[in-house]
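Visitor: Sending over a structure as structure tokens; questions will come in a sec.
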Amino acid sequence: MYDFTTLRPRRGMGAEKWAELERQGVSDPEVIPFSVADMDLLCAPEITAALREAVDFGVYGYTVAEDGFRSALAGWMARRHGWEIRPEWLVSTFGVVHAILQAVYAFTKPGEAVIYQSPAYPPFRSVPGAAGRKLYANPLRRSDGCWEMDFDGLEALCARPESKLLLLCSPHNPTGRVWTGEELSRVADICRRHGVLVFSDEIHADFVFAPHRHSVFARFEERCIVAVSASKTFNLAGLSTASILIPDRELRRRFRDAGTAHTGFFNNYFGLAAARAAYEHGEAWLDALVVHLRGNYEYAVDFLSKKFPSVKVAPQEGTYLLWADFSCLGLTPEEQERFLREDALVFTDEGYLFGPEGSGFERLVLACPRYHLQKALERLDAAAGRRNLPR
Ligand SMILES: Cc1ncc(COP(=O)(O)O)c(C=O)c1O
């Protein structure tokens, strides 16, 4: 019923993801990028209709999240995640990354430390440093191809007096882990004991595959910050709108003041209209999308297991990311990047961008028509054959 096969090429549209293709002058319609985490899929028709209506209204003045938006979000969180939120908990921002910077300013001072778990979504590593904060990495551990938290390492870092904030990515980009309730409850215990506040980035929470279940971090510790966004779930990143949920009144005040004390703050008129329509009418589309994404993952795993049996693919519990270790190809990270881009015309995000633990890995965004994924994997196979690479 929904269209997950039409591709709208985004060359020349200012699409961040397509820029590398443009730089390399790749015009072959079968070649699409698999890097930046947005979708090369059409948006839900219900959202397009709401945006049309918003355009037709003809006045696009300063806008804030009104009651209708707040209750649409509350309905979504209750239905999809079993979390009852109050309307006043919402602080709407231009994005989750903006909110991370705002949280760093609100809850840490220069010289204090922010902890994150690596490999990590790159802004987790760059934003605190840019704000003059110390950055402590607690690497995830690999066990039988699966990524796990190092709780002893986390405890040791949280125990340092300068540690004030943990950036938690749940579900986890890039590994595709969906943290269990038990894991999250251990994180909450450790952080509570050491007075470390948790910023739980839950932007991937709507992409979780059975039998895994996403647990909102606030279930384990209400004194936290939870970031969600229709931008990832419904492919609205260009509309710059995210929802930051902060149950604790004082934390909310500090967070809000850090961003807007001197500037005032307004939201994106179209972003709110689209997100509201998504939360109110997007559920059937999302359910169909999740089936499509899972099918893409299974297709890729099947292809790789036949043609690249030594490539290790992380089990995808959630997200629409494929995270796979290609170090069997025997190339340096730079050679691997050149091989993929220049020989195979497969544009991924290189694992090293997510920290040293990611070296040799590739991250592929699977949110695209299956045909294009199929063509990319076939090009990869042919290019590896031409080079006679071990696999
Ligand atoms: C974990 C995570 N957080 C945040 C973002 C970006 O969020 P925003 O565009 O709202 O800043 C992404 C995008 O890929 C992400 O994967």
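Visitor: Restricting attention to the stretch 165-208, which residues are without any contact (Cβ under 8 Å) to a residue 40 or more places away in the chain, within 12 Å of the ligand (Cβ to nearest atom) and part of a loop (DSSP other than H, G, I, E, B)?
Guide: Kept after step one, since they are without any contact (Cβ under 8 Å) to a residue 40 or more places away in the chain, are these residues of the stretch 165-208: 179-195, 198, 200, 202.
The next check asks that each one be within 12 Å of the ligand (Cβ to nearest atom); those that pass are 200, 202.
Selection gives Glu202 alone.
Visitor: Pairs only if they're at least six apart or on different chains, beta carbon under 6 angstrom, first in the stretch 76-102 and more than 15 Å from Thr263 (Cβ to Cβ), second more than 11 Å from the ligand (Cβ to nearest atom) and part of a helix (DSSP H, G or I); list them, first residue then second.
Guide: Trp76/Tyr279; Trp83/Met77; Glu84/Ala78; Ile85/Ala74; Ile85/Met77; Pro87/Arg70; Leu90/Arg70
Visitor: Something else now. If a residue must be part of a helix (DSSP H, G or I) and touching a strand residue (DSSP E or B) at 6+ places or on another chain (Cβ under 6 Å), how many such residues does the stretch 105-134 contain?
Guide: Qualifying residue count, the stretch 105-134: 4.
Visitor: Let me ask something else. Of all the residues that make up the stretch 247-272, how many are within 16 Å of the ligand (Cβ to nearest atom), among the hydrophobic types (A, V, I, L, M, F, W, C) and at pLDDT 95 or above?
Guide: The qualifying residues number 3.
Visitor: Output yes when any residue across the stretch 81-97 is in a loop (DSSP other than H, G, I, E, B) and more than 24 Å from the chain's Cα centre (by Cα), and no when none is.
Guide: Checking the stretch 81-97: at least one residue is in a loop (DSSP other than H, G, I, E, B) and more than 24 Å from the chain's Cα centre (by Cα).
Visitor: Further, regarding this structure: From the set of residues in the stretch 37-60 that are under 19 Å from the mean Cα position of the chain (by Cα) and of a type outside the set (A, V, I, L, M, F, W, C), which is farthest from Tyr269 (Cα to Cα)?
Guide: It comes out as Asp40.
Visitor: Okay, moving on. Counting only residues that are under 21 Å from Phe57 (Cα atoms), open to solvent by 20 Å² or more (accessible area, probe 1.4 Å) and among the aliphatic types (A, V, I, L, M), how many does the stretch 270-292 have?
Guide: 1
Visitor: Between Phe347, Phe339, Phe354, which is of a type outside the set (Gly, Ala, Ser), closer than 21 Å to Glu148 by Cα and touching a residue at least 24 places away in the same chain (Cβ under 8 Å)? Give the derivation first.
Guide: Numbers: Phe347 fails: closer than 21 Å to Glu148 by Cα; Phe339 fails: closer than 21 Å to Glu148 by Cα.
Only one candidate passes the filter, namely Phe354.
Visitor: Continuing with the same structure: Just give me the residues in the stretch 224-246 being more than 10 Å from the ligand (Cβ to nearest atom) and of a type outside the set (A, V, I, L, M), in sequence order.
Guide: Cys224, Thr233, Phe234, Asn235
Visitor: On to the next question. Only one residue in Leu101, Leu90 is within 13 Å of the ligand (Cβ to nearest atom) and closer than 30 Å to Gly132 by Cα, so which one is that?
Guide: When all the criteria are applied, what remains is Leu101.
Visitor: Same structure, new question: Among the residues that make up the stretch 112-129, is at least one of them open to solvent by 20 Å² or more (accessible area, probe 1.4 Å) and over 27 Å from Asp38 (Cβ atoms)?
Guide: yes
Visitor: Considering only residues that are in contact with a Gly (Cβ under 8 Å, 6 or more places away or on another chain) and part of a helix (DSSP H, G or I), look in the stretch 1-56 and name the one that is surrounded by the fewest Cβ atoms within 10 Å (Cβ to Cβ).
Guide: Glu22
Visitor: Would you mind telling me which numbered condition in (1) touching a Leu at 6+ places or on another chain (Cβ under 9 Å); (2) surrounded by fewer than 21 Cβ atoms within 10 Å (Cβ to Cβ) Ala376 fails?
Guide: Answer for Ala376: the failing condition is (2).
The values are calculated or read from the model by the stated rules, or taken from the named source; none is laboratory data. For clarity, every value in this text was computed on a predicted model and none was experimentally measured. Every residue, glycine among them, receives a Cβ derived from its backbone with ideal geometry; neighbour counts consider all protein chains shown. Accessible surface is based on the protein model in full, side chains and every heavy atom, while ligands, DNA and RNA are left aside. Shrake-Rupley method; radii C 1.70, N 1.55, O 1.52, S 1.80 Å.
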